[in-house]
Amino acid sequence: MILRVLGARGPYPAKGEATSGYLLETKSGNILIDCGSGVLAKLLEYTTFDDISFIICSHLHADHTSDLGVLRYYFASRGKEIDLFIPSEPQEEYNLIRKGVYRVKNIEENMQIEMGSVKLSFFEGQHPYKSFAIRIEEDGKIFVFSGDTGYKEDFINFCTGADLLLLNSAYTDEEVEKIEESKRYHMSPRQAAAIAKKAGAKLLVLTHLKPECDEKRHLESAKEVFENTVLATQKRIIEF
Ligand SMILES: [Zn+2]
């Protein structure tokens with residue numbers, strides 16, 4: 001599989017950079033994972049909208065979905081439809097997205113589904129909106145994306161053996177300590193690295209980076225726990 005980072009910022013973009021969006025090339029075609037602000041323009045640097053096999057959005061926060069509203073115009077003007085995996089809540093956001101061209105499939109906890117050559121499974125995170133981590137397996141290779149979630153001990157099992165582990169780390173290590181545990185909706189670099197280490201991942205990619213993020217510090221902090229870590233900088237391409 002090949003992962004192309006289209007955007008890794010959150011909850012708003014940085015200059016010239018999109019919010020959450022990733023293109024995963026598989027034998028069954030390109031899977032678009034998250035479709036945040038500015039993602040579509042970045043996607044066109046690699047492929048066309050017609051070459052997206054299906055779309056998965058981890059949750060319905062706008063920094064992960066806002067370009068879906070625009071992509072609709074493209075498909076509608078061509079009389080086309082496309083499969084879209086999303087959580088079914090919150091209701092208001094769900095109703096806005098599901099109309100029109102999207103053949104919506106609701107993501108449920110512990111759901112497993114095969115789409116061509118890939119096997120998808122999902123894990124519910126800790127976030128104000130229902131948010132799911134996504135595990136994609138093909139030919140023994142494993143990709144896991146956390147979506148938005150705070151640190152959860154039982155998430156480690158879901159990440160086991162990942163060749164590429166893409167984890168959100170919107171918080172700094174200092175920030176996360178100031179928030180009570182039940183209200184931690186993202187991870188810090190050290191927390192993400194701890195998951196990578198315990199899950200036996202091969203490579204950790206940190207994402208959901210705030211535009212204000214001190215990237216050097218963020219990366220160093222994670223590397224102290226798990227050496228094989230990189231940041232999801234725009235245009236990063238990883239084959240695994
Ligand atoms: Zn979110």
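Values computed for the structure shown
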| quantity | calculated |
| --- | --- |
| Only listed residue being of a type in the set (D, E, K, R), closer than 30 Å to residue 218 by Cβ and in contact (Cβ under 8 Å) with a residue 12 or more places away in the chain, chosen from 119, 141 | 141 |
| Residue match in the range 105-112 (condition: away from the ligand (no atom under 16 Å from the Cβ), over 15 Å from the mean Cα position of the chain (by Cα) and under 19 Å from residue 231 (Cα atoms)) | no |
| Exclusive hit being closer than 19 Å to residue 239 by Cα, within 16 Å of the ligand (Cβ to nearest atom), out of contact with any helix residue (DSSP H, G or I) (no Cβ under 6 Å at 6 or more places or on another chain) and at pLDDT 95 or above, set 12, 22, 46 | 22 |
| Residues that are more than 16 Å from the ligand (Cβ to nearest atom) and in a loop (DSSP other than H, G, I, E, B), drawn from the range 25-37 | 27, 28 |
| Count of the range 68-113 residues which are of a type in the set (Gly, Ala, Ser) and part of a helix (DSSP H, G or I) | 3 |
| Subset of the range 135-181 (residues that are within 16 Å of the ligand (Cβ to nearest atom) and among the polar types (S, T, N, Q)) | 146, 149, 168, 169 |
| Filter result for residue 118 (buried (at least 22 other Cβ atoms within 10 Å of the Cβ), farther than 25 Å from residue 11 by Cβ and either among the polar types (S, T, N, Q) or more than 16 Å from the ligand (Cβ to nearest atom) (or both)) | yes |
| Answer from 94, 129 - the residue that is out of contact with any Ser or Thr (no Cβ under 8 Å at 6 or more places or on another chain) and closer than 16 Å to residue 36 by Cα | 129 |
| Elements of type helices (runs of 4 or more DSSP H) contained in the range 133-240, each with 2 or more residues being over 23 Å from residue 19 (Cβ atoms) and in contact with a Lys or Arg (Cβ under 7 Å, 6 or more places away or on another chain) | 155-159 |
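The values are calculated or read from the model by the stated rules, or taken from the named source; none is laboratory data. Keep in mind that what you see is a predicted model, and the values were worked out from it rather than measured. Reconstructed Cβ throughout: ideal geometry from the backbone, glycine too, with neighbour counts over all protein chains shown.
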